[in-house]
1. Kindly provide the set of residues from the stretch 36-54 that are at pLDDT below 95 and under 13 Å from the mean Cα position of the chain (by Cα), ordered by number.
2. Regarding residue 67, is this residue at pLDDT 95 or above, surrounded by 12 or more Cβ atoms within 10 Å (Cβ to Cβ) and within 16 Å of residue 2 (Cβ to Cβ)?
3. Within the stretch 70-91, work out how many residues are surrounded by 19 or more Cβ atoms within 10 Å (Cβ to Cβ) and assigned to a helix (DSSP H, G or I).
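The values are calculated or read from the model by the stated rules, or taken from the named source; none is laboratory data. The shown structure was predicted, so the numbers you read here are calculated from the model rather than taken from an experiment. Positions of Cβ are backbone-derived with ideal geometry, glycine not excepted, and every protein chain shown enters the neighbour counts.
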């Protein structure tokens with residue numbers, strides 16, 4: 001279902017230029033995906049769920065939060081884009097099902113953007129392992145050997 005949508009969005013010069021920057025990805029990693037989902041639900045309710053929006057087409061900032069970026073990347077930023085890309089008619093309040101759909105599209109996009117991301121903390125941990133020169137497996141083997149030696153001393 002989402003594959004077709006994401007394929008079409010990837011062919012849009014405008015939509016395909018949106019990506020999460022490292023600071024946005026770190027924000028998602030720090031907050032956790034469930035908190036980001038809550039932010040998406042809240043922002044959709046506040047920004048695009050109403051039947052009529054005075055500043056429709058201008059209500060979603062282009063930066064400042066991963067959800068804003070995802071909204072533009074997925075054409076979930078205003079009622080006009082929802083009509084064009086998702087066939088959700090303007091002039092009526094979004095149903096719970098429509099809101100759930102929009103949030104799911106946003107979260108799927110964020111999930112795709114987060115694939116392969118390594119947080120700053122994990123990078124530091126990996127760098128520390130490299131400095132030590134030993135892998136986790138080697139450290140675990142050493143620990144097990146020390147534990148064995150200690151147990152045999154008793």
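1. Hits for the stretch 36-54: nothing passes.
2. Values: at pLDDT 95 or above: yes; surrounded by 12 or more Cβ atoms within 10 Å (Cβ to Cβ): yes; within 16 Å of residue 2 (Cβ to Cβ): no.
Criteria not met by residue 67.
3. So the count comes out to 7.
Per-residue answers, yes or no, for (1) in contact with a helix residue (DSSP H, G or I) (Cβ under 9 Å, 6 or more places away or on another chain); (2) modelled with pLDDT of 95 or more; (3) exposed (fewer than 11 other Cβ atoms within 10 Å of the Cβ):
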site	(1), (2), (3)
94	yes, yes, no
98	yes, yes, no
101	yes, yes, no
105	yes, yes, no
125	no, no, no
134	yes, no, no
137	no, no, yes
